[in-house]
Amino acid sequence: MVACRRGRGAELEVLTTIEAMRAARAALPGSVGLVPTMGYLHEGHMSLVRGARADNDHVAVSIFVNPTQFGPNEDFAAYPRDTDRDLALLRDAGVDLVFMPTVEAMYPPGAMTYVDPGPVSQHLEGQFRPGHFRGVATIVLKLFEIVRPTRAYFGRKDAQQLVVIKAMVRDLDVDVEIVPMPTVREPDGLAMSSRNVYLSPDERRAALVLGQALSLAQEMWTRGLRDGDEYRERLRALIEGEPLARIDYVSVADPEALDELDRIQGPALVSLAVRIGRTRLIDNVTLGGRRSRSPTSML
Ligand code: AMP
């Protein structure tokens with residue numbers, strides 16, 4: 001029998017220590033879906049929560065701004081936080097458990113072991129954020145060990161993160177099912193992100209260039225264009241037409257190995273990292289194959 005699902009407005013347990021989280025998890029019969037987040041929740045996160053609710057008897061959400069995935073000059077200290085609002089949203093969404101540990105609990109003095117995520121972590125984001133995926137893989141493995149979820153939900157918005165985590169789960173025999181979820185966008189096409197709050201009104205308008213570049217890639221795909229350089233050049237030119245945008249990368253790569261493609265024969269991951277003022281935004285779309293469309297996107 002499926003364990004009783006909690007309804008909207010039901011009691012939500014907030015756990016701040018690893019011991020309390022383990023005990024609360026152990027008390028839940030049936031399957032648990034985990035949604036790892038860094039908080040400052042938006043509709044993208046909530047779509048993962050709804051996915052987890054649909055598939056599992058219980059839902060756990062973690063809120064942890066993980067210092068080991070931020071570089072020294074990145075926005076760890078400034079990362080937006082609003083715990084009260086996050087908890088209200090999660091309560092309304094019928095979440096059972098929220099794990100909100102301190103940095104000291106997750107990285108006590110003397111902690112020295114990290115996950116080395118291998119070559120897929122060196123491309124794309126890895127070139128601009130050295131050590132980022134080492135931090136991501138380490139915290140995600142720790143969360144899996146603490147929460148012991150049946151399934152874990154990740155957004156395709158962070159496509160390389162999904163590749164890294166799927167490889168880690170496969171290579172380290174972690175007993176969890178990874179469920180990818182579609183990117184949720186604002187009505188004008190901007191992918192939702194906690195970092196969008198940093199954008200001034202002019203930057204918010206300039207940020208639309210990412211979605212426009214991905215739409216161009218889709219249009220080129222539909223027209224039968226298959227030359228990787230042509231995609232990279234035309235997308236770059238479009239983005240460079242926006243005065244507030246600075247490109248970190250424009251990539252057309254194999255969706256699994258993340259190597260750049262000369263010719264697009266099978267599915268291709270088109271991904272972008274663009275700085276708009278001081279805010280770094282990423283977005284992507286998969287051409288060909290099942291993943292080229294998401295139900296919530298205009299792309
Ligand atoms: P974050 O809090 O940014 O670490 O994101 C937590 C999870 O939410 C990750 O799996 C992200 O990929 C996912 N996520 C973030 N933004 C979106 C979005 N716009 N659509 C779908 N998933 C998202």
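The values are calculated or read from the model by the stated rules, or taken from the named source; none is laboratory data. Keep in mind that this is a model prediction, so the values were computed, not measured. No Cβ is skipped: glycine too gets one built from the backbone with ideal geometry, and neighbour counts run over all protein chains shown. Each accessible area value is taken on the protein alone, full model and side chains, heavy atoms only, with ligands, DNA and RNA left out. Shrake-Rupley method; radii C 1.70, N 1.55, O 1.52, S 1.80 Å.
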**Message:** At 222 nm, what value in deg cm²/dmol follows for the chain if DSSP H runs of at least 4 each add -39500 (n - 2.57) and the sum is divided by all its residues, to the nearest 500?
**Reply:** -10000 deg cm²/dmol
**Message:** Between helix 159-171 and the chain, what is the angle of the helix's C-alpha long axis to the longest principal axis, kept within 0 to 90° and rounded to the nearest 10?
**Reply:** 50
**Request:** Using only Cα atoms, find the angle between the long axis of helix 132-147 and the longest principal axis of the chain, and express it within 0 to 90 degrees, rounded to the nearest 10.
**Result:** 30
**Message:** Rg and Dmax in Å for the chain, alpha carbons only: what are they?
**Reply:** 19.3, 59
**Message:** Tell me the net charge near PRO149. Cut-off is 12 Å between Cβ atoms, PRO149 excluded, with +1 for each Lys or Arg and -1 for each Asp or Glu.
**Reply:** -3
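How compact is the stretch 102-155 by the rule of thumb for globular proteins, expressed as Cα Rg over 2.2 N^0.38 Å? Display every interim value, and only then the final one.
Numbers: Rg = 12.6 Å, N = 54, 2.2 N^0.38 = 10.0 Å.
That works out to 1.26 for the stretch 102-155.
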**Item:** Helix 228-240 axis, angle to the chain major axis (alpha carbon atoms, nearest 10°)
**Value:** 80
**Prompt:** With the dipole of the stretch 80-238 worked out from charges on the C-beta (+1 for Lys and Arg, -1 for Asp and Glu) around the Cα centre, which of THR183, ALA207, MET168 lies farthest toward the positive end?
**Reply:** ALA207
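Using packing as a proxy for protection, rank 21-28, 146-153 so that the peptide with the highest average count of other Cβ atoms within 10 Å comes first.
On the way: 21-28: 15.9, 146-153: 22.0.
In decreasing order of mean packing, 21-28, 146-153 become 146-153, 21-28.
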**Message:** Could you tell me the extents of the stretch 141-299's C-alpha atoms along the three principal axes, largest first, rounded to whole Å?
**Reply:** 47, 39, 26
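Counting only heavy atoms of protein chains, what accessible area per residue, in Å², does the stretch 1-117 have with a probe of 1.4 Å? Before the final figure, lay out each step's value.
Numbers: 5740 Å² over 117 residues.
For the stretch 1-117, the solvent-accessible area averages 49 Å² per residue.
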**Candidates VAL197, VAL49, VAL285: whichever shows maximal mean-square fluctuation once the chain is modelled as a Gaussian network with Cα springs under 10 Å** = VAL197
**Asked** Separation between the ALA78 and GLU145 pseudo-spin-labels, each 7 Å from Cα along Cα→Cβ, expressed in nm?
**Response** 3.4
**Message:** Considering only protein heavy atoms and a probe of 1.4 Å, how much of the accessible area of the chain is carbon and sulfur, as a whole percent?
**Reply:** 51
**Prompt:** Points 7 angstrom from Cα along the Cβ direction at ALA88 and ARG278: gap in nanometres?
**Reply:** 2.8
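Using a Förster distance of 22 Å, how high is the FRET efficiency between GLU177 and ALA27, based on the Cβ-Cβ distance and rounded to 0.05? Before the final figure, lay out each step's value.
On the way: r = 22 Å, r/R0 = 0.99.
E between GLU177 and ALA27, to the nearest 0.05, is 0.50.
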**Message:** Give me, ordered by chain and number, the residues 5 or more places off LEU15 or on other chains with an amide H under 5 Å from its own placed amide H.
**Reply:** VAL98, PHE99, MET100
**Item:** Amide proton proximity set for ARG185, modelled H, under 5 Å, gap of 5+
**Value:** MET192
**Request:** Using a 10 Å cut-off on Cβ atoms, rank the peptides 213-222, 131-140 from the highest mean neighbour count down.
**Result:** 131-140, 213-222
**the stretch 225-290 - charge dipole about Cα centre, Lys and Arg +1 at Cβ, Asp and Glu -1, debye rounded to 20** = 340
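Hey, any idea what the orientation-averaged projected area of the convex hull of the stretch 28-131's Cα atoms comes to, in nm²? List each step's numbers first, then the result.
Details: hull surface 33.8 nm².
Averaged projected area of the stretch 28-131's Cα convex hull equals 8.4 nm².
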